[in-house]
Amino acid sequence: MTEYIHPDVLVSIAWVAEHRNDPNIRIVESDEDILLYDVGHIPGAIKVDWQSELQHQVVRDYIDKDAFGRLIGSKGIRQDHTVVFYGDRNNWWACYAFWVFKMYGHGDCRIMNGGRQKWLDEDYLIIDVHSAKLEDGRAALASELLQSCGDQITRVVRGELISLSA
């Protein structure tokens, strides 16, 4: 079996599930499909949009170091946090986000081995309705709908065909 050069960078799905509530760890989801996070994510995960947050919006380049500092500050990520990245497409954009964090000097960055799909395949919870900020009655209604249909939504996210009829 081939060994990884830096095995300490990869963490297992079980490790993330066990440590997701640790106050020194931040879990970051970065996907090619920027809508996936809103459909469902690991409870407590923070969305980092590689298109609108990690790339400069005028020139074809990364955001600069000052913008990066503002970004991680706005996400509640400190330099002393361990940041674990995951996403769709075999962690493609999660690795992109990982690289940007390392480029700007963030110390402890890791990748969740298997990404979003493996998290789903191993039947871990992805819907995080309770952390949503409910700003008005429509958001409360949406939250109630998500809670009542959580199983069906999880199945749709997994790509399963389901019938919504009674």
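The values are calculated or read from the model by the stated rules, or taken from the named source; none is laboratory data. Because the structure is predicted, anything quoted here is derived from the model rather than measured. Every residue, glycine as well, gets a Cβ built from its backbone with ideal geometry; the counts of neighbours run over all protein chains shown.
Brief remarks follow.
- Where a residue in region 38-63 is without any contact (Cβ under 8 Å) to a residue 24 or more places away in the chain and its partner, wherever it lies, is hydroxyl-bearing (Ser, Thr, Tyr), with Cβ under 8 Å and at least six apart: 47/30; 47/37; 49/30; 55/62; 56/62
- Filter pass, residue 80 being modelled with pLDDT under 90, of a type in the set (Asp, Glu) and closer than 17 Å to residue 26 by Cα: no
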